[in-house]
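Accompanying notes for the structure given below.
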Amino acid sequence: MFLTKLFATLAILLPAVYAQSQVWGQCGGQGWTGPTTCVSGSTCVAQNAWYSQCLPGNLQSSGSTSAPSTTTTSSGSQSTSTAKLNTLAKAKGKLYFGSATDNPELTNTAYVAILSDSTTFGQITPGNSMKWDATEPTQGQFSWTGADQIVNLATTNGQVLRGHNCVWHNQLPSWVSSGSFTSAQLTSIIQNHCSTLVGHYKGQIYSWDVVNEPFNDDGTWRTDVFYNTLGTDYIQIALNAARSADPAAKLYINDYNIEYPGAKSTAMQSLVKTLKAASVPLDGIGLQSHFIVGSVPSTSSLESNMNAFVALGVEVAITELDIRMTLPTTPTLLAQQKTDYTSVISACQAVDQCVGITIWDWTDKYSWVPSTFSGQGAALPWDENFQKKPAYDGIAIGFGN
Ligand code: 9MR
């Protein structure tokens, strides 16, 4: 009898006692139905989409969710900038500031609303849906569903498009990657794929990553079905096919770890010289720029490397920028990330022929990083709850704002 009364009394009291979560307690996340505010001295901070936690005032990581006080949200974990990044980029002479996106995310209306704001994003790259496995999964049978969705969205929004990509060792259907071809057969396969893909979007694409990631990190050629069958000829075969299919599109070769001087950048420069000498159509080099917080090359190193390409007669673009960190985020890491974003944008800003900057999606919610690098993430300027991080301010500062 006594115990029954005690439980009944507790049942009445508990919701009142726990109307606010305690320090370290959960305070939000998808499916969470408990308290969404924190006791005094702590703040509700989203750790990921599914879990927000009350952290003591000085331990915040990423953006806060439910009921942060204004003083704590501006204390190092969120952006204070009101600048619009594409407007800023264009005012500073760039063609665009843009983002990659991918089809599964386009069901998220809040995500699409931000992506569609052309004052923020003036350019879009489809992250996956133009790749060979998506567009020609079976030989000669082309599928445009995913790519068309993104092209239509960008066109409706008045956003420039980068095409990504014609020829890459990865995300190939097995009929290509495991095929055994004569050089004549593979030449025809590349020509048909690139000309059909580029031709389908003729007049709609600013620039194409015609060839993606042709080199190993030591500057040697990557061995894949294309190189193994055709040697370096596959590069010009793809570029010529793309030029014929859409003469107005800028044709790029795109790679990572060529953003700073070194063997791989030197190899890419040699390739540019060779192609130019042979009058093969080539307009630009894409510097992917998948960087790590605290290890980003200096602005002067990035800038001199860009200028080395420009001197060979091509433009450059930062095509896949993100700057990852080892999780969890801390105010110190977020501040370093802000500085690092500034370094990269400043380098592009200093080089007239660096035409634009694309981040590899804009929110940590949809970044490729955590699934590829275990324990790492938070690489983008918006957190998982679409709150702008200090990195956003870093980009604005890089544009000179
Ligand atoms: O963002 C893409 C991710 O969704 C895919 O799983 C991955 C598969 O390789 O490719 C990612 O995009 C890559 C881009 O196409 C080329 N440069 C590296 C990017 C990140 O891996």
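The values are calculated or read from the model by the stated rules, or taken from the named source; none is laboratory data. Since the structure is predicted, the reported quantities are computational estimates derived from the model, not experimental observations. Glycine gets a Cβ as well: all are built from the backbone with ideal geometry, and neighbour counts include every protein chain shown. Quick note on the areas: whole protein, heavy atoms, side chains included, nothing else; ligands and nucleic acids left out. Shrake-Rupley method; radii C 1.70, N 1.55, O 1.52, S 1.80 Å.
Could you check Gln20 against (1) open to solvent by 60 Å² or more (accessible area, probe 1.4 Å); (2) closer than 20 Å to Asn385 by Cα; (3) modelled with pLDDT under 85 and say which number it fails?
(2)
Which of the numbered conditions does Ile292 fail, given that it passes all the others? Conditions: (1) within 16 Å of the ligand (Cβ to nearest atom); (2) under 22 Å from Trp221 (Cβ atoms); (3) surrounded by fewer than 20 Cβ atoms within 10 Å (Cβ to Cβ).
If we test Ile292 against (1) within 16 Å of the ligand (Cβ to nearest atom); (2) under 22 Å from Trp221 (Cβ atoms); (3) surrounded by fewer than 20 Cβ atoms within 10 Å (Cβ to Cβ), just (2) comes out false.
This table checks each residue for (1) within 21 Å of Gly146 (Cβ to Cβ); (2) open to solvent by 30 Å² or more (accessible area, probe 1.4 Å).
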position: Ser183; (1), (2): no, yes
position: Cys194; (1), (2): yes, no
position: Asp217; (1), (2): no, yes
position: Val225; (1), (2): no, no
position: Asn240; (1), (2): no, yes
position: Ala245; (1), (2): yes, no
position: Lys250; (1), (2): no, yes
position: Asp255; (1), (2): no, no
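Out of Gly98, Gly93, Gly127, I need the residue that is of a type in the set (Gly, Ala, Ser), over 15 Å from Thr156 (Cβ atoms) and surrounded by fewer than 17 Cβ atoms within 10 Å (Cβ to Cβ). Which one?
The match here is Gly93.
Tally up the residues in the stretch 240-266 that are farther than 25 Å from Ser178 by Cβ, more than 16 Å from the ligand (Cβ to nearest atom) and not polar (S, T, N, Q), please.
Total meeting the criteria: 12.
Only one of Gln337, Gln349 is free of Cβ contacts under 8 Å to residues at least 60 places away in the same chain, in a helix (DSSP H, G or I) and surrounded by 20 or more Cβ atoms within 10 Å (Cβ to Cβ). Can you tell me which?
Residue meeting the stated conditions: Gln337.
So, in the stretch 369-394, how many residues would count as being away from the ligand (no atom under 16 Å from the Cβ) and assigned to a helix (DSSP H, G or I)?
The number of residues fulfilling the criteria is 5.
Residues being within 11 Å of the ligand (Cβ to nearest atom), open to solvent by less than 10 Å² (accessible area, probe 1.4 Å) and aliphatic (A, V, I, L, M): count how many of those fall in the stretch 150-177.
Looking only at that region, the number is 0.
If only one of Val314, Val293, Val272 is over 27 Å from Thr196 (Cβ atoms) and among the β-branched types (Val, Ile, Thr), which one is it?
Sole residue among the options that is over 27 Å from Thr196 (Cβ atoms) and among the β-branched types (Val, Ile, Thr): Val293.
If I filter the stretch 352-368 down to residues being under 15 Å from the mean Cα position of the chain (by Cα) and not in a strand (DSSP E or B), which single residue comes out as surrounded by the fewest Cβ atoms within 10 Å (Cβ to Cβ)?
Lys365
Among the numbered criteria (1) open to solvent by 10 Å² or more (accessible area, probe 1.4 Å); (2) in a helix (DSSP H, G or I), which one does Gly203 miss?
(2)
Please name all residue pairs, on different chains or six or more residues apart, with Cβ atoms under 6 Å, provided the first residue is in the stretch 237-257 and is modelled with pLDDT of 95 or more and the second residue is of a type in the set (Asp, Glu) and buried (at least 24 other Cβ atoms within 10 Å of the Cβ).
Taking only residues 6 or more apart or on different chains, the pairs are Tyr252/Asp209; Asn254/Asp209.
Within the stretch 105-122, how many residues are within 16 Å of the ligand (Cβ to nearest atom) and in contact (Cβ under 8 Å) with a residue 24 or more places away in the chain?
Qualifying residue count, the stretch 105-122: 4.
Is there a residue being within 18 Å of Leu287 (Cα to Cα), at pLDDT 95 or above and basic (Lys, Arg) anywhere in the stretch 216-225?
So far as the stretch 216-225 goes, yes, one or more of its residues are within 18 Å of Leu287 (Cα to Cα), at pLDDT 95 or above and basic (Lys, Arg).
From Thr107, Thr138, which residue is surrounded by fewer than 19 Cβ atoms within 10 Å (Cβ to Cβ) and within 29 Å of Ala83 (Cα to Cα)?
Thr107
Restrict the check to the stretch 264-280 and report whether at least one residue is open to solvent by 20 Å² or more (accessible area, probe 1.4 Å), within 30 Å of Ala335 (Cβ to Cβ) and assigned to a loop (DSSP other than H, G, I, E, B).
Checked the stretch 264-280: no residue is open to solvent by 20 Å² or more (accessible area, probe 1.4 Å), within 30 Å of Ala335 (Cβ to Cβ) and assigned to a loop (DSSP other than H, G, I, E, B).
With the structure loaded, tell me whether Val198 is within 30 Å of Gln149 (Cα to Cα), within 16 Å of the ligand (Cβ to nearest atom), at pLDDT 95 or above and β-branched (Val, Ile, Thr) or whether it fails that test.
Taking the combined requirement at face value, the residue does not satisfy it.
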